[in-house]
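Bear in mind these aren't lab numbers, they're just calculated from the coordinates by the rules spelled out. None of these values were measured; they are calculated from a predicted model. Every residue, glycine among them, receives a Cβ derived from its backbone with ideal geometry; neighbour counts consider all protein chains shown.
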Ligand SMILES: NC(=O)C1=CN([C@@H]2O[C@H](COP(=O)(O)OP(=O)(O)OC[C@H]3O[C@@H](n4cnc5c(N)ncnc54)[C@H](OP(=O)(O)O)[C@@H]3O)[C@@H](O)[C@H]2O)C=CC1
Ligand SMILES: O=C(O)C(=O)Cc1ccc(O)cc1
């Protein structure tokens, strides 16, 4: 090709001194000619708009398309075309692709139209949906390449002319080399893809910076006989196979790809184009390591790989074959290896998902194998020992960015808090971790390790201590609470029973680790046991005045500033999720002393904790626990009944006695830092309740999903009465 006098692919006025390396071999000469469209030098940036209408096949979309078309056929629109395709979910789509030469032109066009014109008449939840994808690439973010010099395509239709054969094509990475900005920037992605739901059925997706958007087209309308047969039989099937592969090809780095035929189904042209949204090469190339493939490791591996990142994972060597069979199916982006050394040496970002009490030993074992310059984090619920292990055993060139999903593995991660702890890391590496974990669609909270442990001591450890104590007390009294009339009273009792069962259905080490290893947690659990004991003593000695005053004072301190605010929970929802066979009508319900809740509020008051301030790290269980406490304290009648019952009614006395023993017992075990005694206490109760765990888990999941679905959809909770 050297005799063809190749033109530089980057337009002359955008050439600058290159500081980034080219991807091709030195003195590369393309084997065949390609051309580019030359846009006018006055063009500083473009606006691209894909306007789509989507509906099940057979549904008439014509009226909606007509409404869009009316406004697209406007002289301010530089170029547009229309086409159709069936998407990966089997819906039929009509797609208008429109291009403007400047933001000003686009804005002038937009200003003529009423707000929301393009979805006017669309009913949320109806059969027809519309989408609006707008991109505003600056001119040095664009490139065009053609195999022929007489077939403009896409924004190439805005060009003044077509070049002579160009120099940068025919090698891997050449597309990036043709983009003017790649002369001085590596075009690595920054930020994270975000999905925002502003309500009213609209969903906004904001991709990270440096997303690759491409339109590639084929036009066989001029082919005849042999050439057409060659295209139809030899080229198109292979092309379509490739298109299919990248259509659901996050593993190849492509968010999605659509193959559009120009025209409409009744009048299809002999032209197709595909429009794809790809991750930059660097994302596809990164390897995410997971050490520990238990409940949380699996959740992370599945979500991260589904978002297009390559994952390499291990658990203990005995589980290698079983995990390999489970995760390495065709097309999977997950590779299973025998041990953490193999994960560590090739991963760019490693997440330890192992029990908290073994974090030091596991990091000590695999940490030295960590790839140079990698990022390492952990999922354990208490950060002090995890960070200490990283500092002790990781090479100094390794960065540390930890995380903590504040929910169990069976809870939908969307909208739940996710703590990111950037401990020893550049802003870039923290951003990378944030981008990888964006696939969980959680609410990201950036905290230091110390802040994290202080807050979670309250949101998690004390909450768990209360429910653990309930289970221990019911077991000590040989009761299944849902079989007893006095606990078949709906609302608050349902929460107590379901959450108690939920905790005992989980692994003991999860709760032991976060309570025993977090010094703040130990102190708070002790304070809770003290509150339980002191209130119980006032109850059995009938010191009503002191008891009542204490309850009211604590309630004022904790809930006083939230009087007008919305309640976190509602009885109607909680009532639905009961393990009991018979439900007692609300009017006939026997009040409870609610010692566990009164002591919780008393403990918050004594420790000066305002639990609402910790909502940034709320777990589903904490939200429920605070929700029922709030519910009790803001319903004057219910609180008075609880005080009356605590003082005068012996029906709950035995339960409250055992609850007091249990709270002190758990506090002691945690105080001694005794994992083995913790395990024994936990498993004894776990075994007792095991027969009903499956059903309780289902109910608990439904209850949590319902409550969080309401919150996520922005529905206002009940107003306080
Ligand atoms: N479950 C939850 O609700 C949440 C848990 N967390 C935290 O996340 C971490 C993981 O919890 P979770 O997934 O629930 O616990 P799991 O017990 O389900 O998973 C931990 C896994 O790590 C494995 N493991 C232990 N040692 C090694 C090793 N040397 N190499 C590779 N794998 C190893 C364990 O194997 P084995 O069992 O054979 O020892 C187990 O399969 C814990 O620190 C927990 O506190 C955080 C948020 C929520
Ligand atoms: O919601 C809770 O408190 C749970 O029980 C689930 C859980 C357990 C451990 C964590 O570190 C985070 C969440």
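Side notes on the structure shown:
- Ordered by the number of other Cβ atoms lying within 10 Å of each residue's own Cβ, fewest first, 181, 424 fall into the sequence 424, 181.
- Distance between region 59-123 and region 451-481 - C-alpha centres, whole angstrom: 56 Å
- Centroid-to-centroid separation of region 19-44 and region 144-178 [C-alpha atoms, Å]: 8 Å
- Over the chain, dividing the summed -39,500 (n - 2.57) contributions of all DSSP H runs of at least 4 residues by the number of residues returns a 222 nm mean residue ellipticity of -12500 deg cm²/dmol.
- Packing, taken as the mean count of other beta carbons within 10 Å per residue, orders the peptides 460-471, 169-180 from highest to lowest as 460-471, 169-180.
- Listed peptides 287-299, 438-450 by packing density, highest first (mean Cβ within 10 Å): 287-299, 438-450
- The angle between the Cα long axis of helix 295-306 and the main principal axis of the chain comes to about 20°, on a 0 to 90 degree scale.
- Between helix 491-505 and the chain: long-axis angle, C-alpha atoms, 0 to 90°, nearest 10: 70 degrees
- Inter-part distance, region 667-696 to region 302-359, computed on C-alpha centroids, equals 29 Å.
- Cα-based helix-to-principal-axis angle, 675-689 vs the chain, degrees rounded to 10: 90 degrees
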